[in-house]
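In what follows, a single structure is set out as structure tokens and then discussed.
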Amino acid sequence: MKRFIPLLGFPLALALGACQAHPLPSSGTPAPGSSAPAHDSAPTNVAQGALRPGMAYGSFRKQMLDHGWRPLPDAKCLANVVGGNAQKLCSSHPELASCRACTEIPELSACSGDGHCQMQFRQGDADDVMRANTFGPLRDWNAPADQSQLRITSWQVEPAPAGTSGAAPH
């Protein structure tokens, strides 16, 4: 069992909320590791001002879904969240929260070891993809706003990557 501890350290700790949130940028700062703006104007069909850095992820997600945006699954999510040994680990331990994360949160694309995750959405047949960056315990992805520590840090709307055109899965 000890051989699994390094593999589980990050994903299990993140899924169980071991990370504590730190202050969020108030506005205008780039997403970690990105030169893109922290957030573009509100994505198509989302009311201006409805999205803001620091809002609970569940509230952000609801706004996106209510305005026609749909989760855009990432085929590499499991490897991006669990690690390179994801298939073997998750086939042996499907009960692990980190092994269920990509199924429970279909827009999840990747998470880092320090609590930062990226989610992605597409609106209908549109070619644009909205990527939202979060920080906090992933277990709070759908928690009520006043109880959630998973917060939006930034978002950007970008052209869809090659080979992903078409309607988002339902």
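The values are calculated or read from the model by the stated rules, or taken from the named source; none is laboratory data. Only a predicted model underlies this, so the values are computations on that prediction, with no experimental measurement involved. Glycine gets a Cβ as well: all are built from the backbone with ideal geometry, and neighbour counts include every protein chain shown. Quick note on the areas: whole protein, heavy atoms, side chains included, nothing else; ligands and nucleic acids left out. Shrake-Rupley method; radii C 1.70, N 1.55, O 1.52, S 1.80 Å.
Structure data summary
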item: Which of V157, V82 is most accessible, then next, and so on - probe 1.4 Å; result: V157, V82
item: Förster radius 41 Å - calculated FRET efficiency between L65 and K88 (Cβ-Cβ, nearest 0.05); result: 0.75
item: Integer Hz, Karplus 6.51/-1.76/1.60 couplings in order for the stretch 120-127, x for Gly and Pro; result: 9, 9, 9, 9, x, 8, 4, 7
item: Protein-only accessible surface order, largest first, of D125, D140, D74 at 1.4 Å; result: D125, D74, D140
item: Cα shape, the stretch 56-103, gyration tensor, a/c 1.5 rule; result: prolate
item: Residues whose placed amide H lies under 5 Å from that of A110, excluding near-sequence neighbours; result: Q118
item: Residues of the stretch 87-134: accessible area per residue with a 1.4 Å probe, Å²; result: 40 Å²
item: Placed amide H near S154: partners under 5 Å, 5+ positions off or other chain; result: N133
